[in-house]
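The values are calculated or read from the model by the stated rules, or taken from the named source; none is laboratory data. The model shown is predicted, which means the values in this text are computed figures rather than measured ones. Positions of Cβ are backbone-derived with ideal geometry, glycine not excepted, and every protein chain shown enters the neighbour counts. For accessibility, only protein heavy atoms count, side chains too; no ligands or nucleic acids. Shrake-Rupley method; radii C 1.70, N 1.55, O 1.52, S 1.80 Å.
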Amino acid sequence: EQSVAVLFSGGDAPGMNAFLRAVVRLGLNREKIAVLGIRDGYRGLVRTARAVNDDAEALVRLKNDIATHTGRAGLISEQLHIIQMDHASVSGIMGKGGTILGSARCLEFHDKKVRDSVIKLLKSLNVRALVVVGGDGSLTGARLLAQESDLRVIGVPATIDNDLQFTDMALGVDTAVNTLVWAVDHFIDTARSHRRVMVLETMGRASGDLARMAGLASGAEMIITPEGGPLNEEAMKKLAAKIEGAMTRGRGHAIVLVAEGVEFDPPQKRNRAYVLMDAFQQYFQRAGAPFQDLEVRPSVLGHLQRGGHTTPGDCILAARFADHAWKTIQQPDGGSGITALRGNVVEIVPYGEPDMPERAAYSREMELLHDALSSW
Ligand code: ATP
């Protein structure tokens, strides 16, 4: 009997579990095809391939294990990296962050021989399509698998960074923005009480989109994003002067969001929030300055942004991506590709699609809008 396998790779993102639930339920209810859940991303496949590819008896044992350890039994058995998913195994997981199947990074996957071993394994298990859910790197791995074999490989963008330029949104972004708004609200309470400047460092890799979206949604006073180029001393002074100016006009506090991709000239080893804290503090304390007591506090928000209850927006997108993944898999002449959201329409786009110019325009628009809405 043929099946479809699904794995989660790279950094986890809220919405991964909602996607798993949707892809499994659609497989069982609508398509009548079994879904195999792969534990720990590519690493789970590589380890299994190593154990069974050249050992016929081990392969028979694995097939037997998969057939007998369905659903929860498979999830409980830690040794088994391939689990036949059933209805109950995905029940109650939709809103939970992370991924119940686990995600991992797997450096070996850069090696073609290792990818070939995975293709061999999937063929011997009669897998007709593989669904890979993850960020940029994971989707590169998926593209290579699709190019190097006749296996159908469907990629699904999931990363809170929103750094994939072929889709308006990836799974997890909506939840992460929600979490950041919640965090900014908490920091505002203390910033306002102590008349402080809080510098909060957000995730986003090389993209400033997460910081921009969070800035727009939370009303944070300032957003600093990598797209503006490296910050030198002069640029940091200008930012500090802007904050000081607002204080002069009666503003009591400020929340500054700095994206983790922001670079400095000369380069700095410390977290962005700390570099900016020192630069701002130094500026505020210069001789004759009006707000020498103004304090700056840094916070690196880190992995907090990855977790939490998945928003309805991400749950809906997960269901729509799963629907499109199945539609592509079920097309007799359909190939491989990535699910993408474009102007509220879900499409399957080819791997290696060029960046959408609309995405950069949308980012610029958000930044201008944020500036226009800020109170300084
Ligand atoms: P995020 O950016 O959200 O953390 P990601 O998917 O971009 O997610 P990476 O760590 O870049 O995370 O990649 C995850 C895994 O994908 C890698 O550990 C590796 O197994 C595989 N991968 C990444 N790049 C490649 C590549 N060029 N060739 C083959 N496999 C790759």
Item to complete: Rank by packing, highest mean first: peptides 46-55, 2-11, 283-292, 232-241, with packing defined as the count of other Cβ atoms within 10 Å averaged across residues.
Response: 2-11, 46-55, 232-241, 283-292
Item to complete: Distance check, please: which entries in LYS63/LYS96; LYS32/LYS63; LYS96/LYS269; LYS63/LYS113; LYS113/LYS327 exceed 25 angstrom between their Cα atoms?
Response: LYS63/LYS96; LYS96/LYS269; LYS113/LYS327
Worksheet item: For the Cα atoms of the chain, what angle does the longest principal axis make with the long axis of helix 272-284, in degrees from 0 to 90, nearest 10?
Response: 0 degrees
Worksheet entry | Whole-number percent relative contact order across the chain, with pairs defined as alpha carbons under 8 Å at least 6 apart | 21 percent
Worksheet item: Averaged per residue, what accessible area in Å² does the stretch 235-286 show with a 1.4 Å probe, protein chains only?
Response: 50 Å²
Worksheet item: Hey, can you rank 221-228, 111-118, 16-23 by average C-beta count inside 10 Å, highest first?
Response: 16-23, 221-228, 111-118
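Counting helices only, and only those DSSP H runs with n ≥ 4, report the 222 nm mean residue ellipticity of the chain as the sum of -39,500 (n - 2.57) divided by its residues, in deg cm²/dmol to the nearest 500.
Taken over the chain, the calculation gives -14000 deg cm²/dmol.
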Discussion item. I'd like the per residue volume of the convex hull spanned by the Cα atoms of the chain, given in cubic angstrom.
Written reply: 140 Å³
Worksheet item: Once the mean 1/r over all distinct Cα pairs of the stretch 292-376 is inverted, what Kirkwood radius in angstroms do you read off?
Response: 17.1 Å
Discussion item. Stokes-Einstein diffusion coefficient for the stretch 182-261 at 37 °C in a medium of 0.692 mPa s, Rh from the Kirkwood formula over Cα pairs: what value in µm²/s?
Written reply: 253 µm²/s
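Which order do the peptides 317-330, 153-166, 255-268 come out in when sorted by mean C-beta neighbours inside 10 angstrom, highest first?
Listed from highest to lowest mean packing, they are 153-166, 317-330, 255-268.
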Worksheet item: Carbon and sulfur atoms: what percent of the 1.4 Å accessible area of the stretch 185-306 do they account for?
Response: 48 percent
Worksheet item: How compact and how long is the stretch 63-194, expressed as Rg and Dmax of its alpha-carbon atoms in Å?
Response: 19.0, 64
